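Here is the structure we will look at, set down as structure tokens.
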Amino acid sequence: MGSFISEPVGKSVPRVDIREKVAGTAVFADDLQFGPGLYYGRLVRSPYAHALIKSIDTGKALAVPGVKAVVTGKDVSTRIGLYLIDRPIFAGDRVRYVGEPVAGVIASTEEIAEEAAQLVEVEYEELPAVFDPVEAAQPDAPLLHPDLGEYEVANFIFPEPGTNISEHFKLRKGDVESAWPKCAAIVEGTFRLPQIQHVPIEPHVAVALWEPSGQVTLWTSSQSPFAQRDLIAQSLGIPHGNLRVVSPYVGGGFGGKAGVSMEACAVVMAQAVKGHPVKLRMTREEEFVGTTVRQSLVAHTKIGCDAEGNLLAMETEYYFGGGAYNDYGVNIARAAGYSCTGPYDIPNVKGDSYCVYTNQPIGSAMRGFGMPEIHWGIEQIMDQLAEKIGMDPAEFRRRNCVRTGDTILTGMKMPAIDLVACIDKVTEAIDWGKREEPSAPHKKRGKGIAIMWKAPAMPPNPGSSAIVRFNEDATVNVEIGAQELGQGAFTVAAQIAAQALGVPYEWVRVSAPVDTKYSPYEWQTVASRITWSMGNAVRAAAEDAKRQILEIVADYWDEDPEDLDIKDGKVISYKSEREQPLQKMVVYGLPNEGFEGWKGGPIVGQGRFMPTYVTNLDPETGQGTRAVVHYTVGAQAVDLEVDMETGQVEILKIASAYDVGKAINPDLIMTQIEGGAVHGMSSAFEALKFDEKGRPLNPSLVDYRIATSVDVPREIHGDIVETPLEDGPWGARGVGEHVMVQTAPAIANGINNAVGIRFNDLPLSAEKVFLALRGREEE
Amino acid sequence: MATHSITVTVNGVREYLNVPSHMTLLRMLREELALTGTKNGCEAGECGACTVLMNGEPVNSCMVLAVEADGAEIVTVEGLTPEDRLSPLQEAFVEHNAVQCGFCTPGVLISAHALLERNPRPDEQAIKEALVGNLCRCTGYLRIIKAVQTAAEKGGA
């Protein structure tokens, strides 16, 4: 089989998917071919942020030649959701954001569907709307969900019926009131972040087929094929075994393709035209406001320390603008609550984290899941505290950051990490403390640092499973339900299987696409949990297969399996030094002596992993034995310039260091570090904008700019720290989201270092920076 | 709806097609010829995922009507890929791990290919400018830029 890579864990082996991706042959959901029976769908969306639906007349739309059916909320009255079942698939008696699906038109072509969608007549009665999460949390705010008390909800989420508060997480540790007088420095601030969007280059697309037999198939671009099956099956009363979700490569997810967004609409539309697949594809405009967005946040935060720089107390209120439906967003507010201090050891903490309904697009998972939002304020206050007591900001962080074995804010013991090492790496890489010359007289240069932590935020018991199957030539098919979004999950699965089996990396194939009919269960490809959770399942499956092989060969040689191992695709005996190639025997087994019968058979290994130790937390204090599975920590430092004439901020260099436990594939981690740094940088300049009626003003890639090739820093430096995680495969933990969590506050700290101005609100637009510079001149 | 008979050469193969007036070149490639390597990311000329070569020049195929391509030579990512191997440019993308989700990759490759055709030794700034219309949300662009440099150093696309 030519040259091969043995023992690939820890090596920067090539991605399993890269050759088909550069050849253009990698298949994405929109590339699947369905033939002439395919119909197309278009959604009719609400033009109002908050309104009652008085009537819907579909007559004119149905009269258009080529229109096959029109569905509305009357056809499906159930709700859907993961943590809080609050969302109708099509609006019922009211709409709660501009862009909410009100009806779906199915036609023979996309053009006809679009034309007919404009002919669906909906009569609305406009209601007062609310957009700011703090305003929305007030008792007299317009109420979005009068039925909140009747919604089904997970037992660790605490909505407050009669208000717009869908989740209130309380963290109480020590006594903040008695700690404030002991503080030598206290900094308090209000920090605001707008809604932003994931902007995957591939828009959401779903094709649904409801067969007359009752079998339903959904082809989607999804991070969560199994969660989609579960939620849609529950909502529509389809037996799980009858609902098949097939998901090819995902063209960028970043959380936006987690859970269910528009996919349930496609299934309901397919039900109206049984036997015909229906394709529903988001336009770029719909992608911005009709799928999901990152939640907005208003944070009121106060932190104090003593004269030596020891943090003593923190009090914070986080108001997440969850948008119209918070079926997923409630858990973001919860995660922000139980991690509300950021990566710091603070003895006295009072934290209140709220998810609040607002008449805006649906807030949901986005890379970092609440952590970029809360670190924006925390990491600027830490800099201000350090300044107040005259300490270097990096040293201040070294002194106060969380360490292995600390009893953290929820009462759990901090699993092994080394955040100080991450701080050391980035300060070294950025020449911390060295003042650099700006490139032009009208520019000022500065450096900033920020650190972070993030735990996988999920229910206590999300599971992974894997199957390892041998073929006759000893190549291996690894079956997983985890999804390849670009982060490299398939490559990591292949590396782990090869390592645990003792076969070359090139012998392993990852079975794709993920198909709930054939792939083993995976909760969701979210939360940076896959390398860890799926990795453990793949390793277990490979070890199961290996055990089966060794038992057969041990029997064949009349040896003890304990003396045998598999190396480079051969079974070897350390005792007798015999060798047995895997080819053929992994399917046909081995003969008994003199061919008096056979032993063995096709090798199929199975493995699973589920954390069993996470506990619920006390609803009044947020205290409990084990809030989360673990944390990944890291540091970033930036070197930047501010153009004093234009307000433009140019990022020259970003240095990142993360403690990943064990780098299964170091270069894949570097690709995350680099891409994440640019994503984090870009996010500091992004904002969805709305008019006073809640109508989106910039839902296009021209008006909502993301970083392009000319915006990237000249250098992105990355360091990997490896403090093994107790229950990670070879010690590995995830890092996919962490790489962008603290980039925005690192930039803000760098701007302050350059020009001495603080910005509490994102985005850091050139206009805002320019006006602040101008305002200071006028003073 | 009016249709038009057009003749268009796609990846060296002459195609005779009947296309509606409003059909874009992107839809023609993906839906009439099943050349799905060219991606639809915005249909508004903003993301570059649908970039193809039209008479040697990179264009957003969502901004060109199929009828406008009558008589033209079109090259898609499938046409960049030699049989049984990858092009030097594609190999450079593999070498630098310059791909994550891969959705922008076909358009990026076309833009980079066109750059190397007109400027065989581009500097970093020239590469950045040539790729400014190809949005990528995963990689942070640096490896893409390095891959194009490597391909240039090794003798072109």
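The values are calculated or read from the model by the stated rules, or taken from the named source; none is laboratory data. Here the structure is a predicted model, which is why all the values come from computation and not from measurement. Here the Cβ positions follow ideal geometry from the backbone for every residue, glycine too, while neighbour counts run over all protein chains shown. The protein model used for the area step is the full one, side chains on, heavy atoms only, and it has no ligands, DNA or RNA in it. Shrake-Rupley method; radii C 1.70, N 1.55, O 1.52, S 1.80 Å.
Summary of computed values
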| read-out | value |
| --- | --- |
| Residue satisfying condition, being away from chain B (no Cβ under 14 Å) and open to solvent by 20 Å² or more (accessible area, probe 1.4 Å), within set A:Y40, A:Y124, A:Y97 | A:Y124 |
| Residue within the stretch A:409-431 that is in a strand (DSSP E or B), open to solvent by 20 Å² or more (accessible area, probe 1.4 Å) and either touching a helix residue (DSSP H, G or I) at 6+ places or on another chain (Cβ under 7 Å) or touching a residue at least 24 places away in the same chain (Cβ under 8 Å) (or both) present | no |
| Which numbered condition A:I552 fails, given (1) free of Cβ contacts under 8 Å to residues at least 60 places away in the same chain; (2) over 42 Å from the mean Cα position of the chain (by Cα); (3) surrounded by fewer than 18 Cβ atoms within 10 Å (Cβ to Cβ) | (3) |
| Subset of the stretch B:109-152 (residues that are touching a strand residue (DSSP E or B) at 6+ places or on another chain (Cβ under 8 Å) and either in the same structural domain as B:T51 (by TED's automatic domain parsing) or not hydrophobic (A, V, I, L, M, F, W, C) (or both)) | B:S111, B:H113, B:G133, B:N134, B:G140 |
| Selection within the stretch A:210-231 - farther than 24 Å from A:A489 by Cα and buried (at least 24 other Cβ atoms within 10 Å of the Cβ) | A:W210 |
| Selection within the stretch A:130-168 - open to solvent by less than 10 Å² (accessible area, probe 1.4 Å) and either among the aromatic types (F, W, Y) or in a helix (DSSP H, G or I) (or both) | A:P133, A:A136, A:L148 |
| Pair list, Cβ < 6 Å and 6+ apart or interchain, from the stretch A:478-505 residues that are farther than 20 Å from A:A227 by Cα and within 12 Å of another protein chain (Cβ to nearest Cβ) to residues that are outside any loop (DSSP other than H, G, I, E, B) and aliphatic (A, V, I, L, M) | A:G488/A:L668 |
| Residues located in the stretch A:6-27, provided they are without any contact (Cβ under 8 Å) to a residue 12 or more places away in the chain and more than 12 Å from every other protein chain (Cβ to nearest Cβ) | none |
| Cβ-Cβ under 6 Å pairs, at least 6 apart or on other chains, the stretch A:161-176 side touching a residue at least 12 places away in the same chain (Cβ under 8 Å) and not assigned by TED's automatic domain parsing to the domain that holds A:G411, far side surrounded by fewer than 17 Cβ atoms within 10 Å (Cβ to Cβ) and assigned to a strand (DSSP E or B) | none |
| Flag for A:G255 being open to solvent by less than 20 Å² (accessible area, probe 1.4 Å), farther than 26 Å from A:N348 by Cα and not β-branched (V, I, T) | yes |
| Test set (1) open to solvent by 40 Å² or more (accessible area, probe 1.4 Å); (2) within 7 Å of chain A (Cβ to nearest Cβ) - B:P88 fails condition number | (2) |
| Residue list for the stretch B:26-44, restricted to those being over 17 Å from A:R281 (Cα atoms) and at the interface with chain A (Cβ under 9 Å from one of its Cβ atoms) | B:A34, B:L35, B:G37 |
| Filtered residue count, the stretch A:158-172, keeping only those that are in contact with a Cys (Cβ under 9 Å, 6 or more places away or on another chain) and of a type outside the set (S, T, Y) | 6 |
| Failed condition for B:G140, given (1) without any contact (Cβ under 8 Å) to a residue 12 or more places away in the chain; (2) open to solvent by less than 10 Å² (accessible area, probe 1.4 Å); (3) more than 12 Å from every other protein chain (Cβ to nearest Cβ) | (3) |
| A:K546 being touching a residue at least 60 places away in the same chain (Cβ under 8 Å) and either closer than 30 Å to A:T632 by Cα or open to solvent by 30 Å² or more (accessible area, probe 1.4 Å) (or both) | no |
| Number of the condition not met by A:I186 [criteria: (1) under 30 Å from A:D306 (Cα atoms); (2) hydrophobic (A, V, I, L, M, F, W, C); (3) within 27 Å of the chain's Cα centre (by Cα)] | (3) |
| Flag if B:G45 is closer than 15 Å to B:V10 by Cα, assigned to a loop (DSSP other than H, G, I, E, B) and not hydrophobic (A, V, I, L, M, F, W, C) | no |
| Scan of the stretch A:709-734 for residues that are within 14 Å of another protein chain (Cβ to nearest Cβ), open to solvent by 10 Å² or more (accessible area, probe 1.4 Å) and either of a type in the set (S, T, Y) or closer than 19 Å to A:G368 by Cβ (or both), ordered by number | A:I716, A:G718 |
| Residues being farther than 30 Å from A:D667 by Cβ, open to solvent by 40 Å² or more (accessible area, probe 1.4 Å) and more than 9 Å from every other protein chain (Cβ to nearest Cβ) - total across the stretch B:45-60 | 4 |
| Total residues in the stretch A:446-486, condition out of contact with any Ser or Thr (no Cβ under 8 Å at 6 or more places or on another chain) and farther than 29 Å from A:V604 by Cα | 8 |
| Cross-chain or 6+ apart pairs with Cβ under 7 Å, the stretch A:609-626 first and at positive phi, then surrounded by 13 or more Cβ atoms within 10 Å (Cβ to Cβ) and not in a loop (DSSP other than H, G, I, E, B) | A:G622/A:F169; A:G622/A:K170; A:G622/A:L171; A:G622/A:R172; A:G622/A:G337; A:G622/A:Y338 |
| Any hit, the stretch A:51-58, residues being away from every other protein chain (no Cβ under 14 Å), of a type in the set (S, T, Y) and within 27 Å of A:P161 (Cα to Cα) | no |
| All positions within the stretch A:677-688 that are touching a residue at least 40 places away in the same chain (Cβ under 8 Å) and either touching an Asp or Glu at 6+ places or on another chain (Cβ under 8 Å) or of a type in the set (S, T, N, Q) (or both) | A:M681, A:S683 |
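Yes/no per residue for (1) open to solvent by less than 20 Å² (accessible area, probe 1.4 Å); (2) among the small types (G, A, S); (3) in a loop (DSSP other than H, G, I, E, B):
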site	(1), (2), (3)
A:I451	yes, no, no
A:I467	no, no, no
A:A494	yes, yes, no
A:A512	no, yes, yes
A:A527	yes, yes, yes
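Let's see how each residue does on (1) farther than 25 Å from B:H22 by Cα; (2) in contact with a Ser or Thr (Cβ under 9 Å, 6 or more places away or on another chain); (3) within 11 Å of chain A (Cβ to nearest Cβ); (4) not in a strand (DSSP E or B):
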| residue | (1), (2), (3), (4) |
| --- | --- |
| B:C62 | no, yes, yes, yes |
| B:I74 | no, yes, no, no |
| B:P82 | yes, no, yes, yes |
| B:N97 | yes, yes, yes, yes |
| B:G102 | yes, no, yes, yes |
| B:V108 | yes, yes, yes, yes |
| B:H113 | yes, yes, no, yes |
| B:P122 | yes, no, no, yes |
